[in-house]
1. Determine the calculated [θ] at 222 nm for the chain from helices alone, applying -39500 (n - 2.57) to every DSSP H run no shorter than 4 residues and normalising by the residue count; nearest 500 deg cm²/dmol.
2. Taking the Cα centre of the range 4-121 as origin and charging only Cβ (+1 Lys, Arg; -1 Asp, Glu), how large is the dipole, in debye to the nearest 20?
3. Out of all DSSP beta bridges in the chain, what portion is antiparallel? Express it as a percent rounded to 5.
4. Place +1 on the Cβ of every Lys and Arg and -1 on the Cβ of every Asp and Glu in the chain, take the dipole about the Cα centre, and give the residue among Val159, Thr200, Val109 whose Cα lies farthest towards its positive end.
5. Can you find, among Leu266, Ala7, Ser300, the residue farthest towards the positive end of the dipole of the chain? Put +1 on the C-beta of Lys and Arg, -1 on that of Asp and Glu.
6. Which of the aspartates and glutamates could a cross-linker bridge to Lys106, judged by Cα under 13 Å and excluding same-chain residues fewer than eight apart?
7. Which one of Thr350, Thr125, Thr208 has the biggest mean-square fluctuation once the chain is modelled by GNM with Cα springs under 10 Å?
8. So, in Å, what gap is there between the alpha-carbon centers of the range 298-338 and the range 260-278?
Amino acid sequence: MDRIKVAIIGCGSISDIYMTNITSGKFQILELVACSDLAVDRMQASAEKFGIMAMTLDEICADPEIQMVINLTTPAAHYPINKQALLAGKHVFSEKMIAVDLWQGKELVQIANEKGLHLGVAPDTFLGASVQTAKYIVESGIIGKPLSCRASISRDYAVYGEFLTHLYKKGAGIGFDMGGYYLTALAAILGPCKAVSAFTNINEPVRTNTRIGTPWYGQEYEIEVPNVLTATMQYASGVLGTLHMNSDCILDETYGLEIYGTDGILYMGNPNEFGDRVYIRKVNGEKVEFPLTHGYAENSRGLGAAEMAWSIVAGRNHRASKEMAYHVFELMHGIMLSSENGAVYQMESTFETPKGLPAGYIGDGGWTRKEESALI
Ligand SMILES: NC(=O)c1ccc[n+]([C@@H]2O[C@H](COP(=O)([O-])OP(=O)(O)OC[C@H]3O[C@@H](n4cnc5c(N)ncnc54)[C@H](O)[C@@H]3O)[C@@H](O)[C@H]2O)c1
């Protein structure tokens, strides 16, 4: 079997599950050989734990054996690292979002196209059992013709943002940090958006850090990005949707993601997870749980990179595509621009809706017949 040698940049909070999943053989197509971080202690700890090399980004880019870079750094570092790796001829899988500014995302897509390289972008939760089951339900006609959708998330960002400080900075905020899960799940099922209109607020922009035990405790900080936003979307298919996001909520996390069709209603689980429960309601019927039709219900971070590696070997396009990621990125920028300008934002980009993974795709770490069929 051809395996793709991969290096991970960024050994922070999310890196452990990526490294565990890859080195445990869950994604046998990937061979993790190196990691890198500006924080040398973190880099060395990860290298030791997973038995891989600690290398600088320059060393990784210069190593002809390493074919793919997985970028798990904070958003502001996505663009420069993605760009350097692509220019060095590496395939890149980046954590969300693809970049911070729109022009940066556009440039990365262009470089990947010019160099004939794969560029994939998280979230990859849409490849998990939950969203793939929801996609199967819609594509099988079980809820009839989709007419409208509703996405809502509220979080208490003080819980996260006071130690993951990038969450309050440009490039993140609840829109760019969490919006991607909801808008990508909808994009993977409903396809591209045509237009969006929105309002956003920054509630209480200047605050004091209350997280005891962080170096920032007691310091004043500024919330640079909206923490309350509402939007209405018009999808190219004609579906109309609403988005509600609030990271200044009293609750740690509440979520909702629903698609309303002519013959039924689909209630998807939390799109930040791989295998949350999916429910449907038919005309005159009760809300019932729909059994998950797909695999990868457990925490499968790295699945998008693995699916991209399968696609490289098979010579096809991967599902967590740069085009869909850029579209979702543009949509979130469109929400900010619509709010700033008081006008409807017309989307410029589009993408091909990714094919669903084969149903019954178990992904138990073995190289099964079903996995081989997913190469196609
Ligand atoms: N934490 C989560 O639960 C979670 C979940 C899903 C996705 N993500 C995404 O993963 C990414 C990382 O998030 P995190 O929570 O792990 O952040 P983190 O701050 O815990 O880790 C980021 C790491 O990147 C390193 N880094 C920053 N700039 C760098 C550079 N130029 N070169 C090398 N290393 C650099 C930092 O030193 C740090 O160790 C973000 O895009 C985030 O949206 C995080």
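1. When only DSSP H runs of four or more count, the value is -9500 deg cm²/dmol.
2. 300 debye
3. About 60 percent, rounded to the nearest 5.
4. Of the listed residues, the answer is Val109.
5. The one lying farthest along the dipole's positive direction is Leu266.
6. Answer for Lys106, where 13 Å is the Cα cut-off: Glu114, Glu323, Glu330, Glu348, listed by chain and number.
7. It is Thr208.
8. Here the answer is 20 Å between Cα centres.
The values are calculated or read from the model by the stated rules, or taken from the named source; none is laboratory data. Because the structure is predicted, anything quoted here is derived from the model rather than measured. Backbone-built Cβ (ideal geometry, glycine too); neighbour counts: all protein chains shown. These accessible areas exclude ligands, DNA and RNA; they are computed on the full protein's heavy atoms, side chains included. Shrake-Rupley method; radii C 1.70, N 1.55, O 1.52, S 1.80 Å.
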